[in-house]
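I'd like to ask you about the structure that follows.
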Ligand code: PMP
């Protein structure tokens, strides 16, 4: 895939990084699943609005009015990008973690006053696991070896116990794989439960629509959607969000405050206490607008091509094994996790960086239950691609690992090892 070009230009496109031998090389950012570089168009938009920001929803001055208008227009764009229905609310949050914690405070209690029950799988990122575990009302299902077995387990559990919510990932941050959304929605809705999709790894990589899928809530992060840190979103059904526990207590979320009683706004203001991050919202909206201009089929094809090369190239190397959550998952996004037999993942990742200028992630990816079930308590290595990834970067990773496997690390690996263990 040497000649595959990025779909959209990213601002960090030509960053050169130092190697341990004193030379430098164009950075190969194969860690976009952690944080994706800003699109060039997003960087341009941020520079344009940076000089203009002022207080949002709180000032009468002209720039305050401009900032408020920009913020509310951004909300519209962000909601539209994920196919918000007419009655849905778009809450601008800090990231997916905030969005999911926010929703956890909004699941209605059962008739007897105990918290509404939530069904989750053990494949989830901690952000879509711990907020539910903490409510004490979550049941954790072990994922099956296949999609079909996992769907059967979900169906069985939904039939046994009444659930308010099925909280499930749109694409695993470990393997890029997913369960079919249409089946999840059908099973949950047939059992009277709503569906929350953790869209952190899905929304930046596939065209997703609440309206088209029937999913009730989606959460995602700007910094994985080619915008900078600090803005994300929760989008979905209004009723729970209008009445749930306000995410933060503070200015802007309240209608009226007395010393002894407070009345709260409905959503979205209810959950957006504090001065809003207008630049972050504008940046995320700009990223959504840019992604919306790309033909969905070419977006998916670009990633599928790079991912297939990664999986085949890595699996072909002696002692290198790609990890799967399900044997039969279809249409995975561009996230590939692998292990190199007899080598610590952290050292392999350090070697790739220091000797080849390739950025990957190593560790347990905030998904300890899944890694544990897959026998990977020692961690693994993750490479991920996106709209800004060129085929050359993928080939470099495979080439670097091929020489690691064939010749062992070069002499410099010892230096890296020392650096890493210091
Ligand atoms: N869910 C998934 C699937 C993720 O990949 C991540 C980030 N790794 C999160 C949730 C949390 O996102 P954030 O750190 O932006 O809150």
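For region 184-204, which positions are away from the ligand (no atom under 11 Å from the Cβ) and under 30 Å from residue 339 (Cβ atoms)?
Applying the first criterion (away from the ligand (no atom under 11 Å from the Cβ)) to region 184-204 yields 184-196.
Within region 184-204, just 184 meets the criteria.
Another question about this same structure. Go over the candidates 177, 157 one by one and state the one that is modelled with pLDDT of 95 or more, away from the ligand (no atom under 11 Å from the Cβ) and within 14 Å of the chain's Cα centre (by Cα).
On the way: 157 fails: within 14 Å of the chain's Cα centre (by Cα).
Testing whether each residue is modelled with pLDDT of 95 or more, away from the ligand (no atom under 11 Å from the Cβ) and within 14 Å of the chain's Cα centre (by Cα) leaves just 177.
Another question, if that's okay. Residue pairs, Cβ under 7 Å, 6 or more apart or interchain, first in region 77-101 and within 19 Å of residue 206 (Cα to Cα) and not assigned by TED's automatic domain parsing to the domain that holds residue 211, second outside any helix (DSSP H, G or I) and within 16 Å of the ligand (Cβ to nearest atom). List them.
none
May I pose another question? Is there a residue being modelled with pLDDT under 95 and more than 22 Å from residue 73 (Cα to Cα) anywhere in region 237-245? Give the derivation first.
Keep residues of region 237-245 that are modelled with pLDDT under 95, which gives none.
Within region 237-245 (the criterion being modelled with pLDDT under 95 and more than 22 Å from residue 73 (Cα to Cα)), the answer is no, since none of the residues qualifies.
Next question. Among the residues of region 236-257, is any touching a helix residue (DSSP H, G or I) at 6+ places or on another chain (Cβ under 6 Å), within 22 Å of residue 193 (Cβ to Cβ) and within 16 Å of the ligand (Cβ to nearest atom)?
no
Here's something else I'd like to know. Name the residue, out of 308, 354, that is surrounded by 16 or more Cβ atoms within 10 Å (Cβ to Cβ) and either more than 21 Å from the chain's Cα centre (by Cα) or farther than 30 Å from residue 51 by Cβ (or both). If you could, list the steps in order and put the result at the bottom.
Numbers: 308 fails: surrounded by 16 or more Cβ atoms within 10 Å (Cβ to Cβ).
Of the residues listed, the single one that is surrounded by 16 or more Cβ atoms within 10 Å (Cβ to Cβ) and either more than 21 Å from the chain's Cα centre (by Cα) or farther than 30 Å from residue 51 by Cβ (or both) is 354.
Let me ask something additional. Being surrounded by 16 or more Cβ atoms within 10 Å (Cβ to Cβ) and touching a residue at least 60 places away in the same chain (Cβ under 8 Å) is the filter here, so list the residues in region 106-117 that pass it. Explain how you work it out, then say what you get.
Filtering region 106-117 down to residues surrounded by 16 or more Cβ atoms within 10 Å (Cβ to Cβ) leaves 106-107, 115-117.
Residues satisfying the conditions are 106, 107.
Go through region 203-223 and report how many residues are in a loop (DSSP other than H, G, I, E, B), touching a residue at least 40 places away in the same chain (Cβ under 8 Å) and buried (at least 24 other Cβ atoms within 10 Å of the Cβ).
3
A follow-up question, please. Is it the case, given these coordinates, that residue 35 is assigned to a loop (DSSP other than H, G, I, E, B), away from the ligand (no atom under 16 Å from the Cβ), touching a helix residue (DSSP H, G or I) at 6+ places or on another chain (Cβ under 7 Å) and in contact (Cβ under 8 Å) with a residue 24 or more places away in the chain? Write out each step before concluding.
Details: assigned to a loop (DSSP other than H, G, I, E, B): yes; away from the ligand (no atom under 16 Å from the Cβ): no; touching a helix residue (DSSP H, G or I) at 6+ places or on another chain (Cβ under 7 Å): yes; in contact (Cβ under 8 Å) with a residue 24 or more places away in the chain: yes.
Against the criterion (assigned to a loop (DSSP other than H, G, I, E, B), away from the ligand (no atom under 16 Å from the Cβ), touching a helix residue (DSSP H, G or I) at 6+ places or on another chain (Cβ under 7 Å) and in contact (Cβ under 8 Å) with a residue 24 or more places away in the chain), residue 35 does not qualify.
May I pose another question? Restricting to region 359-374, what's the tally of residues that are over 16 Å from the mean Cα position of the chain (by Cα) and under 17 Å from residue 125 (Cα atoms)?
Selection size over region 359-374: 9.
Then there is this: Under the condition of being surrounded by fewer than 18 Cβ atoms within 10 Å (Cβ to Cβ) and within 23 Å of the chain's Cα centre (by Cα), which residue from region 76-93 is nearest to the ligand (Cβ to nearest atom)? Walk me through it before giving the result.
Applying the first criterion (surrounded by fewer than 18 Cβ atoms within 10 Å (Cβ to Cβ)) to region 76-93 yields 76, 80, 83, 85-87.
Next, only the ones that are within 23 Å of the chain's Cα centre (by Cα) stay: 76, 80, 83, 85.
On the way: 76: 22, 80: 21, 83: 19, 85: 23 Å.
It comes out as 83.
Name the pairs: first residue in region 304-323 and on the phi < 0 side of the Ramachandran plot, second residue loosely packed, with under 14 Cβ neighbours inside 10 Å and in a helix (DSSP H, G or I), Cβ to Cβ under 6 Å, at least 6 apart or on different chains?
Pairs that qualify, where the first residue is on the phi < 0 side of the Ramachandran plot and the partner is loosely packed, with under 14 Cβ neighbours inside 10 Å and in a helix (DSSP H, G or I), are 322/315.
Any residue at all in region 379-397 that's closer than 26 Å to residue 141 by Cα, in a loop (DSSP other than H, G, I, E, B), under 21 Å from the mean Cα position of the chain (by Cα) and modelled with pLDDT of 95 or more?
Initial filter on region 379-397 (closer than 26 Å to residue 141 by Cα): 379-382.
Next, from what is left, pick out any that are in a loop (DSSP other than H, G, I, E, B): 379.
Still in the list and also under 21 Å from the mean Cα position of the chain (by Cα): 379.
Adding the requirement that they be modelled with pLDDT of 95 or more leaves 379.
For region 379-397, residues closer than 26 Å to residue 141 by Cα, in a loop (DSSP other than H, G, I, E, B), under 21 Å from the mean Cα position of the chain (by Cα) and modelled with pLDDT of 95 or more: present.
Can you tell which of 294, 322, 282, 333 is within 23 Å of residue 67 (Cα to Cα) and at pLDDT 95 or above? Even if it seems obvious, please write down each step before you answer.
On the way: 294 fails: within 23 Å of residue 67 (Cα to Cα); 322 fails: within 23 Å of residue 67 (Cα to Cα); 333 fails: within 23 Å of residue 67 (Cα to Cα).
Answer to the selection: 282.
Condition check: assigned to a helix (DSSP H, G or I) and modelled with pLDDT of 95 or more. Does residue 267 satisfy that? Give the derivation first.
Details: assigned to a helix (DSSP H, G or I): no; modelled with pLDDT of 95 or more: yes.
So residue 267 does not fit the description; no.
Further question on the same structure: Might you let me know whether region 121-130 holds any residue that is assigned by TED's automatic domain parsing to the domain that holds residue 284 and in a strand (DSSP E or B)? Give the derivation first.
Step one: of region 121-130, the residues assigned by TED's automatic domain parsing to the domain that holds residue 284 are 121-130.
Checking which are in a strand (DSSP E or B) leaves us with 121.
Yes, some residue in region 121-130 is assigned by TED's automatic domain parsing to the domain that holds residue 284 and in a strand (DSSP E or B).
Looking only at region 205-219, which residues are farther than 14 Å from residue 236 by Cα and either modelled with pLDDT under 95 or within 15 Å of the ligand (Cβ to nearest atom) (or both)?
205, 206
Any residue in region 44-54 that is within 19 Å of residue 283 (Cβ to Cβ) and in a loop (DSSP other than H, G, I, E, B)? Quick ask: steps written out before the conclusion?
Kept after step one, since they are within 19 Å of residue 283 (Cβ to Cβ), are these residues of region 44-54: 44-54.
After this cut, where a residue has to be in a loop (DSSP other than H, G, I, E, B) as well, the list is 53-54.
Yes.
Tell me the residue from 73, 145, 109 that is farther than 17 Å from residue 271 by Cα, away from the ligand (no atom under 16 Å from the Cβ) and assigned to a helix (DSSP H, G or I), please.
None of the others qualify; the one that does is 73.
Picking from 142, 175, 169, 146, which residue would you name as being in contact (Cβ under 8 Å) with a residue 60 or more places away in the chain and crowded, with 20+ Cβ neighbours inside 10 Å? It would help to see each step written out before you state the result.
Working: 142 fails: crowded, with 20+ Cβ neighbours inside 10 Å; 169 fails: in contact (Cβ under 8 Å) with a residue 60 or more places away in the chain; 146 fails: crowded, with 20+ Cβ neighbours inside 10 Å.
Result: 175 is the single residue among 142, 175, 169, 146 that is in contact (Cβ under 8 Å) with a residue 60 or more places away in the chain and crowded, with 20+ Cβ neighbours inside 10 Å.
The values are calculated or read from the model by the stated rules, or taken from the named source; none is laboratory data. Quick caveat, the model's predicted, so the values are computed rather than measured. We place every Cβ from the backbone using ideal geometry, glycine too, and count neighbours over all the protein chains shown.
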